[in-house]
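Chemist: First the structure, then my questions, so here it is.
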Amino acid sequence: QVQLVEAGGGLVQAGGSLRLSCAASRSIFSINAMGWYRQAPGKQRELVATITRVGSTKYADSVKGRFTISRNNVNSMVFLGMNSLKTEDTAVYYCNVVIVGLEYWGQGTQVTVSS
């Protein structure tokens, strides 16, 4: 079991940057994949990025080249750096991990990008 707490969301103008963080309540050293998802109003939750224990990353096409996922296994944290933000990036962003087949989610952090 693990608790995930996201932080770093806020209101930013288009073209701006934000860095989200996700703090896990237990060591993530042995957890393979961790990810960030987002859910915009009226839309389904979608995968934004994932990172494996050894640092391999995957991104949604819509954020490639703009977002960077990283993790700090020592401090049990996962980050999402977001640059060149667009209004369509507005959503609640969630941290996600799967442990022994069970999915865990944080409470989410709101990112609002204004034009």
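The values are calculated or read from the model by the stated rules, or taken from the named source; none is laboratory data. What you see is a predicted model, and the numbers here were worked out from it, not measured in a lab. FYI the Cβ positions are ideal-geometry reconstructions off the backbone, even for glycines, and counts take in every protein chain you see. Accessible surface areas use protein heavy atoms only, side chains included; no ligands, DNA or RNA. Shrake-Rupley method; radii C 1.70, N 1.55, O 1.52, S 1.80 Å.
Chemist: Check the range 24-32 and report whether any residue there is touching a strand residue (DSSP E or B) at 6+ places or on another chain (Cβ under 9 Å), within 18 Å of Gln110 (Cα to Cα), surrounded by 14 or more Cβ atoms within 10 Å (Cβ to Cβ) and hydrophobic (A, V, I, L, M, F, W, C).
Modeler: Looking through the range 24-32, none of the residues is touching a strand residue (DSSP E or B) at 6+ places or on another chain (Cβ under 9 Å), within 18 Å of Gln110 (Cα to Cα), surrounded by 14 or more Cβ atoms within 10 Å (Cβ to Cβ) and hydrophobic (A, V, I, L, M, F, W, C).
Chemist: Can you pull out the residues in the range 49-79 that are open to solvent by 70 Å² or more (accessible area, probe 1.4 Å), assigned to a strand (DSSP E or B) and β-branched (Val, Ile, Thr)?
Modeler: Just the residues of the range 49-79 that are open to solvent by 70 Å² or more (accessible area, probe 1.4 Å), to begin with: 53-54, 58, 61, 64-65, 68, 74-75.
If we keep only those that are assigned to a strand (DSSP E or B) as well, we get 58, 68.
Selection gives Thr68 alone.
Chemist: Right, another one. Just give me the residues in the range 1-36 being free of Cβ contacts under 8 Å to residues at least 60 places away in the same chain and in contact with a Cys (Cβ under 8 Å, 6 or more places away or on another chain), in sequence order.
Modeler: Matches in the range 1-36: none.
Chemist: Please verify whether Val2 is surrounded by 13 or more Cβ atoms within 10 Å (Cβ to Cβ), closer than 28 Å to Ser114 by Cα and in contact with a strand residue (DSSP E or B) (Cβ under 9 Å, 6 or more places away or on another chain), treating the condition exactly as stated.
Modeler: Working: surrounded by 13 or more Cβ atoms within 10 Å (Cβ to Cβ): yes; closer than 28 Å to Ser114 by Cα: no; in contact with a strand residue (DSSP E or B) (Cβ under 9 Å, 6 or more places away or on another chain): yes.
Spelling it out, it is not the case that Val2 is surrounded by 13 or more Cβ atoms within 10 Å (Cβ to Cβ), closer than 28 Å to Ser114 by Cα and in contact with a strand residue (DSSP E or B) (Cβ under 9 Å, 6 or more places away or on another chain).
Chemist: Inside the range 40-65, can you point out the residues that are touching a residue at least 12 places away in the same chain (Cβ under 8 Å) and either under 12 Å from Arg19 (Cα atoms) or of a type in the set (A, V, I, L, M) (or both)?
Modeler: Within the range 40-65, Ala40, Leu47, Val48, Ala49, Ile51, Ala60, Val63 meet the criteria.
Chemist: Scan the range 1-35 for residues that are in a loop (DSSP other than H, G, I, E, B) and either charged (D, E, K, R) or in contact with a His (Cβ under 7 Å, 6 or more places away or on another chain) (or both) and jot them down.
Modeler: Result: Arg26, single match.
Chemist: Moving on to the next point. Among the residues of the range 88-114, which ones are at pLDDT 95 or above, open to solvent by 60 Å² or more (accessible area, probe 1.4 Å) and over 13 Å from the mean Cα position of the chain (by Cα)?
Modeler: Glu88
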